[in-house]
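Worksheet for the structure shown next.
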Amino acid sequence: MREVFRRQGLLLAWALVWIGLAAGVDRVSARAPSDLKLGRLRVGKILFLGNSITLHGPKADIGWTGNWGMAASTREKDFVHRLLARISEKAGGEPAVKIRNLADFERRLLDFDLDEGLRDELEFQADLVIVALGENATSPKTEAERDNFSRAFDNLLRKLAAHGQPTILVRNSFWPDAEKDTLMQQATQRAKAVFVDLGKLGADPEHAAKAERSIEHAGVAAHPGDKGMEAIANTIWRRLLQTAGGEE
């Protein structure tokens with residue numbers, strides 16, 4: 001009797017496969033996230049570390065009701081999800097994702113405890129890490145401030161690299177700051193990570209949310225709107241493809 005049930009189970013499994021093929025289903029068994037690749041890069045697990053441009057929860061006193069990158073009109077239109085959509089399509093599956101607002105690191109730098117503050121993110125052991133920080137850090141003016149900023153970013157990138165074997169992309173500030181951007185680029189080079197130059201995206205008034213809709217709070221209004229988010233995603237995507245050895 002057990003053998004009969006086993007054979008029936010096998011027949012049912014094959015029947016489901018053939019039904020799927022006949023219906024044009026191209027993923028009868030979904031690919032495991034660990035198998036996902038973009039060119040030569042593994043992208044099964046992706047970690048985004050950023051600030052409010054990456055993720056910001058609702059905050060009534062500033063009129064922000066979203067729980068995604070400020071100030072995209074919807075979650076799907078922030079740069080994180082625009083980029084994830086492209087990666088998923090190109091890789092043929094949806095990666096596992098962690099998104100973290102790390103503005104506290106920007107404000108505290110060397111005083112931020114990476115082991116404790118990033119415990120879950122480090123244990124995640126991402127294949128790809130997108131670092132989108134810098135805007136909330138004070139622009140360093142003295143040699144001591146520049147040293148603190150540089151060492152903080154060195155420590156962060158070293159810590160990320162030590163957990164798994166991730167490809168790390170670091171983008172500079174959406175609102176250009178020559179001092180911070182130079183130091184971040186240098187830290188990226190020392191870490192043998194990949195630098196993404198956003199250029200002067202934030203200097204273009206068309207990339208601000210206030211160019212797309214009326215927003216009362218000036219801080220929210222200055223954040224990238226849908227067009228700005230798309231521009232950020234486009235820039236990171238092009239650099240990611242170059243790194244992966246793929247074509248757009």
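Read-outs: derived from the displayed coordinates by stated rules, not from any lab. Please read these numbers as outputs of a predicted model, since none were measured by experiment. Here the Cβ is made from the backbone with ideal geometry for all residues, glycine too, and neighbour counts use every protein chain on show.
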> In the Gaussian network model of the chain, springs joining C-alpha atoms below 10 Å, which of ILE62, ILE168, ILE99 carries the largest mean-square fluctuation?
Replying inline: ILE62
> Using 7 Å Cα-to-Cβ label points, what is the ASP113/ALA161 separation (nm, one decimal)?
Replying inline: 2.6
> On average over all directions, what projected area in square nanometres does the range 31-244 have, based on the convex hull of its Cα atoms?
Replying inline: 11.3
> Can you list residues whose amide H is under 5 Å from TRP68's amide H, if they're 5+ apart or on another chain and H is modeled 1.01 Å from N?
Replying inline: HIS56
>> Cut-off is 10 Å between beta-carbons; in what order do GLU123, GLU145 appear when sorted fewest neighbours first?
In response: GLU123, GLU145
> HN-Hα J couplings of the range 67-72 from phi, Karplus 6.51/-1.76/1.60, θ = phi - 60°, integer Hz, Gly and Pro as x?
Replying inline: 9, 7, x, 6, 10, 5
> In degrees between 0 and 90, to the nearest 10, how far off the longest principal axis of the chain does helix 226-244 point, with axes built from Cα atoms?
Replying inline: 70
> So, in Å, what gap is there between the alpha-carbon centers of the range 34-68 and the range 112-160?
Replying inline: 16
>> So, R0 is 25 Å and r is the distance between the beta-carbons of GLU206 and SER73; what FRET efficiency does that work out to, to 0.05?
In response: 0.95
> In which sequence would HIS56, HIS163 go, from the one with the fewest C-beta neighbours within 10 Å to the one with the most?
Replying inline: HIS163, HIS56
> Could you give the nm distance between label points at GLN186 and ARG40, where each point is 7 Å from its Cα heading toward the beta carbon?
Replying inline: 3.0
> If each residue's Cβ is checked for other Cβ atoms within 10 Å, how do LYS180, LYS210 rank with the fewest at the top?
Replying inline: LYS210, LYS180
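Could you calculate the contour length gain from ARG238 to ALA218, that is, 0.36 nm times the residue separation minus the distance between their Cα atoms, to one decimal place in nm?
4.1 nm
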